Structures are given as C-alpha cells and as structure tokens.
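Trainee: I'd like to ask you about the structure that follows.
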Amino acid sequence: MITALDPKTALVLIDMQNAIAAIKGAHAFDGIVEKTKQLIDAFREKDLPIVFVNVNPIGQAWTQKRADQPSQMPKDEEGIRAAKKNWEENGLGNIISQLQVKEGDIMVTKHTWSAFPNTNLQSELQKRGITGIVLAGVATSIGVEGTARDASVLGYNLTFANDAMTDMFLEAHDNSIARIFPRIGEVDTTEAIVAKVRELA
C-alpha cells in the first residue's frame, strides 16, 4: 500500500505501443488504458516527468538463444530485415494514440525486458534528480518487472499501479503483484497513487 511519493518522481510507462496492443490474448489491455491516462493527467498537472518506453527486440541477441519457449522473432538476416521494415512501416513501436505523447515527454526504446540496459533512461532520470518511479504498463511479469528489478538495484523508490498494468497470462501478473513487487516497492491502485501525486507540492 502506498505511504508516500518522493517529490521528484517520474511516471514510467512500459510498452504501451501498437505492437503490444495487437497481441491476441493480452490480459485486459484495453482495461488499463483509462487508468494509464489518469496517471498521465496527474503527473502532467504537477509537471512531473513522464517516460514512455517502447520495445524493439528484432535481431537482438537474446531472441536468438535456445529456450524451452523460444522467441517468435526471426533469426535469419532476411527475416530480420523484413521484420524491421514491417515494424517501421506499420508504426509498431509507436505509443498508442490514446495516451497522447507530448513534447517534453521522455522517450526510451529498449531492446530487452528492462528499460535500463543500453538506453538513455538512467541518464534522463539522473539529470532531473529523480528518486522515485511509478511504474505501469505491459507486461507485468516481463517489461514492468524487468525494469523494476533494475530500478530497485539502482536505488529508486518504486510504486506500482496494480490496475494500470497487465500481462498475457493472469497467473504471471498475479505473481508479480503479490510476490515480487511488494519486496521492492509499494503496490496500490491508480486512484491511490493519483491522490498522492496531487498532494505533492
């Protein structure tokens, strides 16, 4: 349960993009859009940073590794080129239009589960003096949890909007919410988090 927010807190939204919205079987993706908009509105009211993270895993080394559930990403050069072309032509990396990215928002493209490795996220947060992060997005057990684990190691105070994130698998979502996030931060509803944001000076 949320007890406080740091005065210097950023909203970090994970993979709320066209490619993810189109995945069949994503657990209640449409249901989190309105909650995400409420978070965005509250952070804009207080002129606090909003970070939109998208993912582009095409051709990345981790997608080529052996696994019991291998990546669906192409592994041959021709397939990778075709996938990159399709990605660009169809705007699959674009943040969904309902969230209305604005000038001054921070844009981060990640290539792994976490938004920190080999991106500008840490430097953008540091130069703004950010000490707290509110996390939301997709998928709870992958992009959100991956980013949260790294943020925790880096010393950020973390808050998780449990009704503004979702997963392809409900049991994976529930595991992150109940067993992982409470160990590295505070978990609460969008409504409770928005109330705390509005209390900030």
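All of the numbers you see were taken from the coordinates with simple rules; none came from a lab. Since this is a predicted model, take the numbers as computed values, not measurements. Note that each Cβ is placed from the backbone with ideal geometry, even for glycine, and that neighbours are counted across all protein chains shown.
Trainee: Starting from segment 64-152, pick out the GluC sites (Glu not before Pro) whose DSSP state is loop and whose Cβ has at most 10 other Cβ atoms within 10 Å. Walk me through the numbers on the way to the answer.
Mentor: Values: sites: 77, 78, 88, 89, 103, 124, 145; in loops: 103.
Sparse-neighbourhood loop GluC sites (Glu not before Pro): 103.
Trainee: Between beta-carbons, use under 15 Å as the cut-off and find the net charge around residue 78, counting Lys and Arg +1, Asp and Glu -1. Intermediate values should be presented prior to the final figure.
Mentor: Numbers: positive: 75, 81, 84, 85; negative: 76, 77.
Computed value for this residue: +2.
Trainee: Based on DSSP H runs of at least 4 residues, each adding -39500 (n - 2.57), what is the mean residue ellipticity at 222 nm of the chain after dividing by all its residues, to the nearest 500 deg cm²/dmol?
Mentor: Numbers: 8 runs with 70 residues, N = 201.
After summing the helix terms and dividing by residue count, I get -9500 deg cm²/dmol.
Trainee: Which of the aspartates and glutamates could a cross-linker bridge to residue 65, judged by Cα under 14 Å and excluding same-chain residues fewer than eight apart?
Mentor: In chain and number order, the partners are 76.
Trainee: Report the residues of segment 5-21 in range of a label on residue 47: point 7 Å along Cα→C-beta, backbone N strictly under 18 Å from it.
Mentor: Within reach of a label on residue 47, which here means backbone N under 18 Å from a point 7 Å along Cα→Cβ, segment 5-21 contributes 7-11.
Trainee: For every other residue with a beta carbon closer than 11 angstrom to the beta carbon of residue 163, add +1 if it is Lys or Arg and -1 if Asp or Glu, then tell me the sum. Please list the in-between numbers first.
Mentor: Numbers: positive: 35; negative: 34, 188, 191.
For residues surrounding residue 163, the net value is -2.
Trainee: Separate question: Pairs 37/110; 110/196; 127/196; 8/84; 8/35: which are spaced more than 27 Å apart, C-alpha to C-alpha?
Mentor: Numbers: 37/110 22 Å; 110/196 29 Å; 127/196 23 Å; 8/84 37 Å; 8/35 21 Å.
In this structure, 110/196; 8/84 lie more than 27 Å apart at Cα.
Trainee: Which net charge results for the neighbourhood of residue 34, defined as the other residues with beta-carbon distances under 14 angstrom from its beta-carbon, given Lys and Arg at +1 and Asp and Glu at -1? Show your work: numbers first, answer last.
Mentor: Numbers: positive: 35, 37; negative: 30, 41, 163, 191.
Net charge around residue 34: -2.
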